[in-house]
Each structure stands twice: as structure tokens, then as C-alpha cells.
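Here's the structure, in C-alpha cells; my notes come after.
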Amino acid sequence: MAAESIVRSKQAAEAIGGILTEVVCTIFSDHIFVVVTQYGKIGTLISVTPHIVANEVGKPTFSTKILMGKDEPLIHVYAKHLVTFVCEESGNKSVLLALALKDVNLDNIKSIKQLIQSCRLW
């Protein structure tokens with residue numbers, strides 16, 4: 001009998017804007033690790049954390065923190081847009097996002113988000 005892995009992972013790849021884009025989602029007990037790359041490298045590592053205020057009704061707020069790589073304002077915007085739904089759908093787990101993109105525009109970000117959704121494990 002084969003033992004079930006403690007860590008579950010799912011990956012997908014698609015040409016987005018003419019560039020091969022790879023996504024790998026790995027779920028741990030307390031975090032979800034999402035890698036989005038057009039370089040075949042991890043790139044910038046961002047922590048996306050939900051914050052729930054006690055006795056507040058509604059969606060949580062999210063904070064982003066660059067753990068490694070370039071700390072540029074747009075990286076925070078991309079991170080929130082790409083993975084806040086992962087936090088919400090997983091019961092407010094934090095997400096570690098590794099982001100290495102060559103071509104970033106609104107249409108590509110929407111397509112990348114759909115690619116992440118195709119790797120849903122939560």
C-alpha cells in the first residue's frame with residue numbers, strides 16, 4: 001500500500017502573452033505556496049497574509065511583505081490581485097507567492113489568475 005504524501009502539489013503551464021508561464025501550487029498545513037514563473041526560476045518571494053478583525057463582518061484585509069527579491073510597489077499589487085482568492089477559499093491561510101514574470105499587463109494577470117485557479121488544491 002502506497003503512503004499518501006503529506007504535502008500535496010499541482011502544476012500547470014500555458015503560453016500567456018506568447019510566453020510559457022508555469023504555476024505550481026503546494027499546500028501545507030498552515031500555508032499555501034504558489035510559484036508563478038516565466039523564467040523557470042522562483043524570483044521574488046512575497047508573503048500574503050489575511051487579517052480578520054474580531055466582530056467584523058465581511059472579507060479580511062490582506063498585507064503583503066517581500067521576503068526576498070525586489071520590493072517594488074507594483075509587486076504588492078500583483079501579489080494581492082493574484083492570490084487573495086486563494087487565502088479566502090482556503091479558510092484564510094497565508095500564501096507564499098514566488099513571482100518571476102517577464103511581461104506584465106492586465107490581460108496577462110487575469111490569465112495567470114485563471115491558471116492558478118486551475119491548480120486549486122484548497
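Where strands (runs of 3 or more DSSP E) fall wholly inside the stretch 27-99, the ranges with 1 or more residues that are small (Gly, Ala, Ser) are 44-51, 61-68.
When every residue of the stretch 80-88 is checked against the conditions, at least one turns out to be closer than 17 Å to Ile27 by Cβ and touching a Pro at 6+ places or on another chain (Cβ under 6 Å).
When Gly58 is tested against (1) at pLDDT 95 or above; (2) more than 13 Å from the chain's Cα centre (by Cα), only condition (1) is not met. Restricting attention to the stretch 78-91 and to residues that are closer than 23 Å to Leu20 by Cβ and free of Cβ contacts under 8 Å to residues at least 40 places away in the same chain, the residue that is most open to solvent (accessible area, probe 1.4 Å) turns out to be His81.
Yes or no, residue by residue, for (1) open to solvent by 80 Å² or more (accessible area, probe 1.4 Å); (2) over 22 Å from Leu121 (Cβ atoms); (3) touching a residue at least 12 places away in the same chain (Cβ under 8 Å):
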residue	(1), (2), (3)
Ala15	no, yes, no
Thr21	no, no, yes
Val36	no, no, yes
Thr44	no, yes, yes
His76	no, yes, yes
Lys93	no, no, yes
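Among the residues of the stretch 100-122, those that are open to solvent by 20 Å² or more (accessible area, probe 1.4 Å) and either outside any helix (DSSP H, G or I) or in contact (Cβ under 8 Å) with a residue 60 or more places away in the chain (or both) comprise Leu101, Lys102, Asp103, Val104, Asn105, Asp107, Ser111, Ser118, Arg120, Leu121, Trp122.
The values are calculated or read from the model by the stated rules, or taken from the named source; none is laboratory data. Given the structure is predicted, the values throughout are model-derived calculations rather than measurements. FYI the Cβ positions are ideal-geometry reconstructions off the backbone, even for glycines, and counts take in every protein chain you see. Note: accessible area is taken over every heavy atom of the protein model, side chains too, but ligands, DNA and RNA are not part of it. Shrake-Rupley method; radii C 1.70, N 1.55, O 1.52, S 1.80 Å.
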